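For reference, the structure is listed below as structure tokens.
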Amino acid sequence: MTLLEVKNLNVELLTKGGYARALDGINLSLESGEILGIAGESGSGKTMTALTLLGLLPNHSKISGSLKFSGTELVGIDQKRMRDIRGREISMVFQDPMTSLHPMLSIGTQLTEHMITHLGLSKNEAREKAIDLLTEVRIPDPQRSLDAVPSQFSGGMRQRICIAMALACDPKLLLADEPTTALDVTVQAGILNLFRRLRDKHGLSIIFITHDLGVMSSLTDRLLVMYAGREVESGKTSTLLQNPRHPYTRGILDSLPDISGSKKKLKAIMGFPPELGKQPLGCAFHNRCPFNTPQCESHVIPLTTLDSHHRFYCDIDPLKGDS
Amino acid sequence: MILEVKNLSVTYRRQDGAHITAVNSVDLSLDRGEVLGLVGESGCGKSTLGKAIMGIVPAASGTISFKDNFVEPLGRGSRPEPLRALQLIFQDPYSSLNPRRKIGDQLIDGLINQGENEKSARQYSAQLLERVGLSASALEKYTHQFSGGQRQRIAIARALSVKPEVIIADEPISALDASAQAQVSNLLLELTKEFNLGLIFISHDLSVVRQITDRTAVMYFGEIVEIGDTDVIWNSPVHPYTKALIEAVPKPDGKGSLPVELSGDVPDPRFPPTGCRFNPRCKFRIDKCTSEAPQLFSINKSQTVSCFLSSTSKND
Amino acid sequence: MIKQKISNNSPWRQPLAIVGVSILFIWLFIAIFASVIAPHDPLFQESDILMPPSSLHPFGTDEVGRDVLSRVLYGARITLPLSLLLVVLSMIVGTVIGAIAGYFGGWIDAVIMRITDMVLAFPGIILAMAVAAALGPQLRNAVFAVVLVAWPTYARLVRGLILNAKKSDYVIASRLLGSSTFRTLLVDLRPNISGPVFVLAALEAGNGMLLLSGLSFLGLGAQPPSAEWGAMVSAGSNNFDRWWIAVFPGIAILTAVLAFNFLGDTLRDALDPRTAKALRD
């Protein structure tokens, strides 16, 4: 069943210099029980996509297109209804667990508060459920942890608590914005395993946002690569990473250090992405692309579809030949 | 050998009054032109070790010799001139540059301190900026006009201004964007060759360390648990902690295999485990591990490990 | 001093700023051209004593027949430069002491901070009175007394700023490059403290002027026959029914103090655009 269907989503933000396009014609869909990865560097629009889904765009933003979440159109929905959906059906986990946890309140208070207001549980029922949730995310000694404050936990444990909070109202969709970027690899491995388990066990749909393609590879089913507010390539994670077609995707994969290789320089993509609102009509990556042709900047790049799962926005020949 | 650290320990008193040993009798050495990676989870003491080598935090015991001098902690006086060839790149390029001074004024500090006149110091700074990939016009600008990656380049240019012989880079890329990460690590690698520098690259990003370093030291709970040639360490790690670290790195191969989880947390520094510090999290723990602390031990020409398993396998 | 592009939305374009700056410029103009503007000699005693305002003496005359308007105008020459002098002096003294405390820390810091605590614990006017009385009633001593009361505010501010800044990575980086203690203070820390200190100085200028006028009012500052505003208010208080003697110099003090405060607020907004914008929106 399709849980989320985004069609031609455009978002314009009000900046000092007028309106600037932050998201440009985004299409994506998500089945229930699927993990979709959104990859890109900062400013690529990956976080903006999540904020749009949550209805948390800054004031005076313009939004157009369609955003259907389990049958409900979210574009133009009234604020009160959106708040309901945000609390119960879509929830979010952020990069820094300390920004979503109150430092002075006990874990128990913070966990149960939501359940009491949104689900109408009694205090005891909520506490029971909180213990279940903490067990689920593998917090040792959940009973006692309920009375502890966030500072008594390590960074990884805090992120697990944030995930427990996000799960409190049994959401259908979980948005995770760089939830492991601030963590050590060993801790990250644990959190990735937790996300996978939540999907397998409860059929939770997850949109996972990160710039780390290694993380994407191990966790996600499908991948959407974004650049300067646009989609550049999307497809099944395995095909996309093994056979990337867009020069940008290739570029970031090449720039990654190879854990099995020997000492050598990294292949960096030179230059910088365009500023917000300064994307050209054609390919936004043209000025950093090794296959750049004069037409790349000036004409609208058509979508090339390889099969129902793999598609990309690039039409230069050197790529079509070698794959 | 240009830098030699012997038996270095760093202790400090936490705000709650507890005495914490952040670095515990560490030995390290570095040659000119060599890149040494220092890896470990956060809180393992790698950053503190870097700062202690620089003299920013005082050592509780042990010595740090740089060329023919002992590194002394930064005091009230100016840093002795020979020690200025030992420089640090900070993790956060936002806080390591003064937001209220022009880039040019900050870059010439080191040369002015060595008695250079301002004009030639500025000329040299302009050259350095161009060398790290920025335009000389940056001299007249302020930090807020630059991105994180560009600021880190400026910080590198500043360190280069005093003609350093050893640079310690403390997580120099972890605050940067993916594409800037590769650019800045490449720049550091090029500079070590060009200026024949020794570089200590402190990072929690194992794959970068794997790719750009000659030797790797793995730290756990204030101690070096394994050190040796990068290729050897990564292809045939011996210490269970090193193995766990490598297994935890997700690989972008599209195969969909989840990284292996290392259970448990770094222990509370107030109550260090007895015996091997890693034993509570170790999959291969034997009785001896809880009672006796293993010593660093050369298992072959290019690999030194502190683990009983390595010595037993050698004795067999 | 402060390079700030003045845009349409700049704090310098806000009404209070314009009023404050204009008043100060008017007083500055008066101080410079007092001899041209003033209708009479401020010290000349006419036979018409205690005359109410008239066309000949718009602000009336005082108890010895001097023209109050001329005395108020000439008073700007005494009060304004002295206020500036005492602000600059207390700023320098406070900044240097605060910088030493903040940068060196340890027992030096402890001793200096206990002294500032002691000074701040007294009501300013009482301490200033005690000092001025002990040194002898003279304008110079009054200025000295006010400085003695005013410096701890600057010292505390600067110490706090330095304590924050000296642990920052950029100061450590500068030390690693061999910068001496003095150079770090001068080159690295000065730009970070100068803004807040100037703001404080502008805000404190009004206070300093009030204190100084207060001392003169109490007879511990300017001495007769000098045309100091505080001393003139004091003289007026001996003749309650002749309101003009005290009211006009009082208004002079009021406008100057207000103008300094407006200027201080504006300066703060200009240097810290975030809070300023939040306040205006």
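Coordinate-derived values only; no laboratory data. Worth saying up front: this structure is predicted, and the values here are computed from it rather than measured. Neighbour counts are summed over all protein chains in view; Cβ atoms, including those assigned to glycine, are modelled from backbone coordinates with ideal geometry.
Note on B:LYS193 and C:MET118: the model spin-label points, each 7 Å out from Cα along the C-beta direction, lie 6.6 nm apart.
Computed over chain A, relative contact order equals 20 percent, with contacts defined as Cα pairs under 8 Å that lie 6+ residues apart.
How tilted is helix A:155-167 with respect to the longest principal axis of chain A? Cα atoms for both, answer in degrees (0 to 90, nearest 10). Computed tilt is about 80 degrees. Applying a DSSP loop filter and a limit of 12 other Cβ atoms within 10 Å to the trypsin sites (Lys or Arg not before Pro) in segment B:1-100 leaves B:ARG14, B:ARG76.
With a 10 Å cut-off around each Cβ of A:188-194, the average count of Cβ atoms from other chains is 5.
Each residue of segment A:36-44 is assigned a 3J(HN,Hα), and the resulting list reads 9, x, 10, 10, x, 7, 5, x, 7 Hz, derived from the Karplus form 6.51 cos²θ - 1.76 cosθ + 1.60 (θ = phi - 60°), x at Gly and Pro. Dipole magnitude for chain B: about 460 debye, using +1 per Lys or Arg Cβ and -1 per Asp or Glu Cβ, origin at the Cα centre. Would you mind checking the pairs A:LYS7/B:LYS251; A:LYS7/A:LYS62; B:LYS243/B:LYS288; A:LYS267/B:LYS51 and listing those with alpha carbons more than 26 angstrom apart? In this structure, A:LYS7/B:LYS251; A:LYS267/B:LYS51 lie more than 26 Å apart at Cα. Relative to one another, the C-alpha centroids of segment C:84-127 and segment A:195-225 are positioned 59 Å apart. Around the Cα centre of segment B:60-167, unit charges on the Cβ atoms of Lys, Arg, Asp and Glu (plus for the first two, minus for the last two) sum to a dipole of about 280 debye. Per the Kirkwood treatment, what hydrodynamic radius in Å, one decimal, follows for chain B from the mean inverse distance over all distinct Cα pairs? Computed over Cα pairs of chain B, the Kirkwood hydrodynamic radius comes out at 20.8 Å. Of the residues B:VAL26, B:GLY75, B:CYS44, the one whose Cα sits farthest towards the positive end of the charge dipole of segment B:16-118 is B:GLY75 (charges of +1 on Lys and Arg Cβ, -1 on Asp and Glu Cβ, taken about the Cα centre).
The 3J(HN,Hα) values that the Karplus relation (6.51, -1.76, 1.60; θ = phi - 60°) gives for segment B:169-181 are, in residue order, 10, 8, 6, x, 10, 6, 8, 10, 5, 3, 6, 5, 4 Hz. Gly and Pro appear as x.
Legend: mean number of C-beta atoms from other chains within 10 angstrom of residue C-beta atoms, peptide A:210-220, equals 5. In this rough spin-label picture, where each label sits 7 Å from Cα along the Cβ direction, the B:ILE286-A:LEU119 distance is 4.9 nm. Computed across segment A:54-114, the Kirkwood hydrodynamic radius from all distinct Cα-Cα pairs reaches 13.9 Å.
Taking packing as the residue-averaged number of other Cβ atoms within 10 angstrom, the listed peptides C:98-109, B:264-275 run from highest to lowest as C:98-109, B:264-275.
Judged by the mean number of other Cβ atoms found within 10 Å, the most tightly packed of the peptides C:24-33, C:58-67, B:249-258 leads the ranking C:58-67, B:249-258, C:24-33. The GNM of chain B, with springs linking C-alpha atoms under 10 angstrom apart, assigns the highest mean-square fluctuation among B:LYS163, B:LYS243, B:LYS301 to B:LYS301. Remark: mean inter-chain Cβ contacts per residue of C:162-175 equal 5, using a 10 Å Cβ-Cβ cutoff to other protein chain atoms. Of all complete DSSP H helices in chain C, those with a Cα span along the helix axis of 30 Å or greater and a mean Kyte-Doolittle hydropathy of 1.0 or more are C:15-37, C:68-104, C:243-271. For A:VAL232, the residues whose modelled amide H falls within less than 5 Å of its own, excluding neighbours fewer than 5 places apart on the same chain, are A:VAL225, A:MET226, A:TYR227. In order along segment B:241-254, the Karplus-derived 3J(HN,Hα) couplings, from 6.51 cos²θ - 1.76 cosθ + 1.60 at θ = phi - 60°, round to 5, 4, 4, 4, 4, 5, 5, 7, 7, x, 9, x, 9, x Hz, and Gly and Pro are given as x.
Relative to the longest principal axis of the Cα atoms of chain A, the long axis of helix A:185-202 makes an angle of roughly 80 degrees. Each listed q (0.19 Å⁻¹) maps to a log10 I(q)/I(0) for segment A:96-240 from the Debye sum over equal C-alpha point scatterers, namely -1.14.
Under the definition of Cα pairs under 8 Å and six or more residues apart, what whole-number percent is the relative contact order of segment A:78-212? Relative CO of segment A:78-212 lands at 34 percent.
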